[in-house]
Amino acid sequence: MANRRYSIFAVAREALRYHAGWERAWASPAPKKRYDVVVVGAGGHGLATAYYLGKVHGITNVAVIEKGWLGGGNTGRNTTIIRSNYLQDPSAAIYEKARSLYEDLSQDLNYNVMFSPRGLLMLAQSEHEIRGYKRTVYANALQGIETRWITPAEVKDLVPIINIDGPRYPVLGALYQERGGTARHDAVAWGYARACSNMGMDIIQQCEVTGVRTEAGKVVGVETTKGAIDCGKLAIVVAGHSSVLAEMSGFRLPIESMALQAWVSEPIKPTIDVVVMANLVHGYMSQSDKGELVMGGGTDGFNNYTQRGSWHHIEETTRALVETFPIVSRLKMLRQWGGIVDMTGDRSPILSKTPVEGIFVNCGWGTGGFKAIPGSGFAMAELVAKGHSPLAAEFGLHRFREGQFIDESVAAGVAH
Amino acid sequence: MLTLTCPYCGATVEETELAPGGEAHLKRFGPGASDADFESYMFSRKNPKGVHFERWRHAYGCGKWFLAARCTATLEVFGTYPAQTTEPPADLVAKIKEKRPTWEGYE
């Protein structure tokens, strides 16, 4: 099924015929017997992997299979923050690749993902953070990523509602990335899905993988609730459920699944037009296009697959944000939700071959996967197609055996 | 909210009084071990969707480490037991098997 192009002419044409001519954005076919590549997980990362497999590498005999509904996991549950101000070179490379792809993703996909490079600040609220973020600014300069250090007065200018001289956590400056921002998270998944469907790929929802079939150490297919599907290569891109799929495939991952929560306030008039992250007090906030203040904090500390987090994190994060933005204390909270994030020890992702030939994993994005979707898909597609990707090279599973960690838990504080 | 009973002081407390410590009963590999054993001891985790044995510390109470059996898919707590053991007590395993007939057991 090839969709008609979305354009101003299409809108005008449909306006004249009661919008009766819009088609479904992607097809929902029954699975075929065999695909060259099966991608498990139709979230942002899985769909982006499939998209770049087709677009860059010409592999279109691809199925993306999804247990629930498309974009219903962490893709639909995050706080939509996009930035690339990382400390370590491999992280900076892949996150900046992602951020730069976001810049023209709407044009590329012919789908408005509402990328909004509104600017992003990471507040320094201790002497320690000042030194850390200045170091990141210098590292970013060498990596070719535009960030700069700004003073408390400049912070106040950008964010009038902020309290910069709070008695406990005064704002001492900030790491500022002007081209960081947000995008519409659902649209990213929907846009990739539509583009994949247009290339002839099959997106199969409500289809849970129940087993992985291997022969002589090589993958040959998957068992699903919609029957067996053969495949040449298998890409596991399932975030919080990575360990479950790894168990089916016969290996273990250095991953623990934990709950991370976010919540939004009632909608209010435009109040804050940048993204603010306060890592010392574990909170970050931005305003959605609907007017809600979108807030998030840290993960729970224990293994959890329930997509429900602990209450005390909501209280702790909201308390921190009330101190940073006093007007928040006058708002009602509207909704709260949780997602299951896949945490690695060094807080960096895993894009890797596995002990089973033909199986590739893309996981471990933990609390910060949304921003990486295009870069992650781009690198994963290259890894699956060619067996090697320069962007993914240092994110392999080998780094745990060799001790070559990409230590972003120190570099980024808590919030990704 | 998650509540656990500390097997040492007997207090049933909620999670803000506790500190999580990850998977229990890890077999330690140190100097002289193979790279693969050391890697799996340091990093690889079962991370099951279901019955999980894990370490907790009664951080804002008696301060002691203890172990708990909990379901990560439902948050049901099966029981807690002292940390001075290399495997879960048999009565707790039997109790879990009764509640989760398809559970393959502790390995």
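Does segment A:93-108 contain any residue that is among the β-branched types (Val, Ile, Thr), touching a Gly at 6+ places or on another chain (Cβ under 6 Å) and surrounded by 24 or more Cβ atoms within 10 Å (Cβ to Cβ)? Don't jump to the end; show me each part of the working.
Keep residues of segment A:93-108 that are among the β-branched types (Val, Ile, Thr), which gives A:94.
In the following step, the residues that additionally are touching a Gly at 6+ places or on another chain (Cβ under 6 Å) were identified as A:94.
Checking which are surrounded by 24 or more Cβ atoms within 10 Å (Cβ to Cβ) leaves us with A:94.
Looking through segment A:93-108, at least one residue is among the β-branched types (Val, Ile, Thr), touching a Gly at 6+ places or on another chain (Cβ under 6 Å) and surrounded by 24 or more Cβ atoms within 10 Å (Cβ to Cβ).
Does at least one position in segment A:311-320 carry a residue that is among the basic types (Lys, Arg), within 14 Å of chain B (Cβ to nearest Cβ) and within 30 Å of residue A:403 (Cα to Cα)? Talk me through it step by step, then tell me what you get.
Just the residues of segment A:311-320 that are among the basic types (Lys, Arg), to begin with: A:319.
Then keep just the ones that are within 14 Å of chain B (Cβ to nearest Cβ); that gives A:319.
After this cut, where a residue has to be within 30 Å of residue A:403 (Cα to Cα) as well, the list is none.
Checking segment A:311-320: not a single residue is among the basic types (Lys, Arg), within 14 Å of chain B (Cβ to nearest Cβ) and within 30 Å of residue A:403 (Cα to Cα).
Suppose we keep only residues that are surrounded by fewer than 22 Cβ atoms within 10 Å (Cβ to Cβ) and of a type in the set (Val, Ile, Thr) within segment A:212-260. Which one would you say is nearest to residue A:356 (Cα to Cα)?
For segment A:212-260, the residue satisfying everything is A:214.
Considering only segment A:25-82, state which residues are of a type in the set (Val, Ile, Thr), touching an Asp or Glu at 6+ places or on another chain (Cβ under 9 Å) and either part of a strand (DSSP E or B) or buried (at least 23 other Cβ atoms within 10 Å of the Cβ) (or both). Write out each step before concluding.
Kept after step one, since they are of a type in the set (Val, Ile, Thr), are these residues of segment A:25-82: A:37-40, A:49, A:56, A:59-60, A:62, A:64-65, A:75, A:79-82.
Filter once more, so that each one left must be touching an Asp or Glu at 6+ places or on another chain (Cβ under 9 Å): A:38, A:40, A:56, A:59-60, A:62, A:64-65, A:75.
Once the filter is applied, which keeps residues that are of a type in the set (Val, Ile, Thr), touching an Asp or Glu at 6+ places or on another chain (Cβ under 9 Å) and either part of a strand (DSSP E or B) or buried (at least 23 other Cβ atoms within 10 Å of the Cβ) (or both), segment A:25-82 yields A:38, A:40, A:62, A:64, A:65, A:75.
Condition first: small (Gly, Ala, Ser) and assigned to a loop (DSSP other than H, G, I, E, B). Can you find one or more residues in segment A:262-282 that meet it?
As a first pass, look at segment A:262-282 and keep what is small (Gly, Ala, Ser): A:262, A:265, A:278.
Keeping just the survivors that are assigned to a loop (DSSP other than H, G, I, E, B) gives none.
No, segment A:262-282 has no match at all.
Which condition from (1) in contact (Cβ under 8 Å) with a residue 40 or more places away in the chain; (2) within 14 Å of chain B (Cβ to nearest Cβ); (3) out of contact with any strand residue (DSSP E or B) (no Cβ under 6 Å at 6 or more places or on another chain) is the one that residue A:242 breaks?
For residue A:242, the exception is condition (3).
All but one of (1) touching a residue at least 40 places away in the same chain (Cβ under 8 Å); (2) in contact with a strand residue (DSSP E or B) (Cβ under 8 Å, 6 or more places away or on another chain); (3) on the phi < 0 side of the Ramachandran plot; (4) not charged (D, E, K, R) hold for residue A:217; which doesn't?
The failed condition is (3).
Is one or more of the residues making up segment B:19-38 at the interface with another protein chain (Cβ under 9 Å from one of its Cβ atoms), more than 19 Å from residue A:299 (Cβ to Cβ) and surrounded by fewer than 16 Cβ atoms within 10 Å (Cβ to Cβ)?
yes
Within the bounds of segment A:238-247, is there any residue that is touching a Lys or Arg at 6+ places or on another chain (Cβ under 9 Å) and assigned to a strand (DSSP E or B)?
Scanning segment A:238-247 turns up no residue that is touching a Lys or Arg at 6+ places or on another chain (Cβ under 9 Å) and assigned to a strand (DSSP E or B).
If a residue counts only when it is in contact (Cβ under 8 Å) with a residue 40 or more places away in the chain, which strands (runs of 3 or more DSSP E) contained entirely in segment B:1-71 have at least 2 such residues?
By residue number, B:3-5, B:19-23, B:51-57, B:65-71.
Only residues that are over 20 Å from residue B:83 (Cα atoms) and touching a Cys at 6+ places or on another chain (Cβ under 7 Å): list them for segment B:18-64, please.
B:50
Just one of B:72, B:16 is touching a His at 6+ places or on another chain (Cβ under 6 Å), under 25 Å from residue A:347 (Cα atoms) and surrounded by fewer than 17 Cβ atoms within 10 Å (Cβ to Cβ); which is it?
After applying the criteria, what remains is B:16.
So that you can scan it fast, the table gives a plain yes or no per residue for (1) crowded, with 18+ Cβ neighbours inside 10 Å; (2) over 17 Å from residue A:76 (Cα atoms); (3) touching a helix residue (DSSP H, G or I) at 6+ places or on another chain (Cβ under 9 Å); (4) within 14 Å of chain B (Cβ to nearest Cβ):
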| position | (1), (2), (3), (4) |
| --- | --- |
| A:329 | no, yes, yes, no |
| A:332 | no, yes, no, no |
| A:340 | yes, no, yes, yes |
| A:344 | yes, yes, yes, yes |
| A:347 | yes, yes, yes, yes |
| A:367 | yes, no, no, no |
| A:370 | yes, no, yes, no |
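Scan segment A:297-310 residue by residue and report those that are crowded, with 23+ Cβ neighbours inside 10 Å and more than 7 Å from chain B (Cβ to nearest Cβ).
A:297, A:299, A:309
Report whether or not residue A:106 is at pLDDT 95 or above and either more than 21 Å from the chain's Cα centre (by Cα) or within 15 Å of residue A:177 (Cβ to Cβ) (or both).
Working: at pLDDT 95 or above: yes; either more than 21 Å from the chain's Cα centre (by Cα) or within 15 Å of residue A:177 (Cβ to Cβ) (or both): no.
It is false that residue A:106 is at pLDDT 95 or above and either more than 21 Å from the chain's Cα centre (by Cα) or within 15 Å of residue A:177 (Cβ to Cβ) (or both).
Go through segment B:39-92 residue by residue and tally those that are within 11 Å of another protein chain (Cβ to nearest Cβ), over 20 Å from residue A:309 (Cα atoms) and charged (D, E, K, R).
Looking only at that region, the number is 3.
Please name all residue pairs, on different chains or six or more residues apart, with Cβ atoms under 6 Å, provided the first residue is in segment A:305-324 and is without any contact (Cβ under 8 Å) to a residue 60 or more places away in the chain and the second residue is part of a helix (DSSP H, G or I) and hydroxyl-bearing (Ser, Thr, Tyr).
A:312/B:16; A:322/A:329
Have a look at A:200, A:232, A:191 and point out the one that is more than 26 Å from residue A:368 (Cβ to Cβ) and outside any loop (DSSP other than H, G, I, E, B).
Exactly one residue qualifies, and that residue is A:232.
The values are calculated or read from the model by the stated rules, or taken from the named source; none is laboratory data. As the structure is a prediction and not an experimental result, all values here were calculated from the model. As a convention, Cβ positions derive from the backbone with ideal geometry for all residues, glycine included, and neighbour counts pool all protein chains shown.
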